[in-house]
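Some notes on the structure that comes next.
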Amino acid sequence: MSPASYRAAPPRVGEHNLTGWVGGHQIDPLRDVVGGSPPTENDSIDSPTLRIGEADPGLDERLSQELTRFNVAATGADDERELTVAVHDMAGELIAGLSGWTWGTAAGIGMVWVHEDHRRESWGGRLLRAAEDEARARECTRVYVSSFTFQAPAFYQKHGYAEFARTEGIPHPGHADVHMRKDLTT
């Protein structure tokens, strides 16, 4: 991934990255069951099965729906929305983009990317300003973003984002995930 592209480590609103343990049992990544023993012929066909895999858009969508339902019931905030900003050239090719979310008084930036041929044209800053303006229009008072140390924390700081936490060792020792926020009311 190039320095101008960014995939946030933090999950979207209501999502959590929990791995390794289920129901007090460690998950064996080489098997698709909890407890370390494969299913036997005595196991009920109706018993739950733990499956470990890779990308699963259907699972992601279902989890998002279920967590949104829970979050709305818990907070009363039912205004969660995706937020995107895109820049296309005259041929319709994407040259820059930002995706994120808004919910209640918070906005989050998940990904920002600018094509290598257009990185010195201020598109990154324009994407941020457009997203921040839309977040204000949706009555958000702050924006959150995370950027790895080898990506663009200085870029976000230049645009008024302040570091509030850091997770060391991601993706490997010597790197970190820098968590930042910007107040939109000033």
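Values quoted throughout were computed directly from the atomic coordinates according to the rules given, and no laboratory measurement underlies them. Worth saying up front: this structure is predicted, and the values here are computed from it rather than measured. Using ideal geometry, Cβ is built from the backbone for each residue, glycine included, and neighbour counts are taken over all protein chains shown.
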Practice problem: At 0.36 nm per residue, minus the direct Cα-Cα distance, what do R51 and F150 gain on full extension? Give it in nm, one decimal, please. | Solution: 32.3 nm
Quiz item: Going by how many other beta carbons lie within 10 Å of each one, how would you line up R120, R142, R62, fewest first?
Solution: R120, R62, R142
Quiz item: GluC sites (Glu not before Pro), restricted to region 39-119: which are DSSP loop and have at most 16 other Cβ atoms within 10 Å?
Solution: E41, E54, E93
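Is region 102-156 best put as rounded, prolate or oblate by its Cα gyration tensor, with a ≥ b ≥ c the root eigenvalues, rounded for a/c under 1.5, and otherwise prolate when a/b is larger than b/c, oblate when not?
Numbers: a/c = 2.87, a/b = 1.63, b/c = 1.77.
Oblate, since a/c reaches 1.5 and b/c is not below a/b.
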Quiz prompt | Gained length - D89 relative to S64, 0.36 nm times residue gap less alpha-carbon distance | solution = 5.7 nm
Quiz prompt | Gain on full stretching of the segment that runs from R81 to E139 - 0.36 nm per residue minus C-alpha separation | solution = 19.7 nm
Quiz prompt | Burial ordering of V85, V72, fewest other beta-carbon atoms within 10 Å first | solution = V72, V85
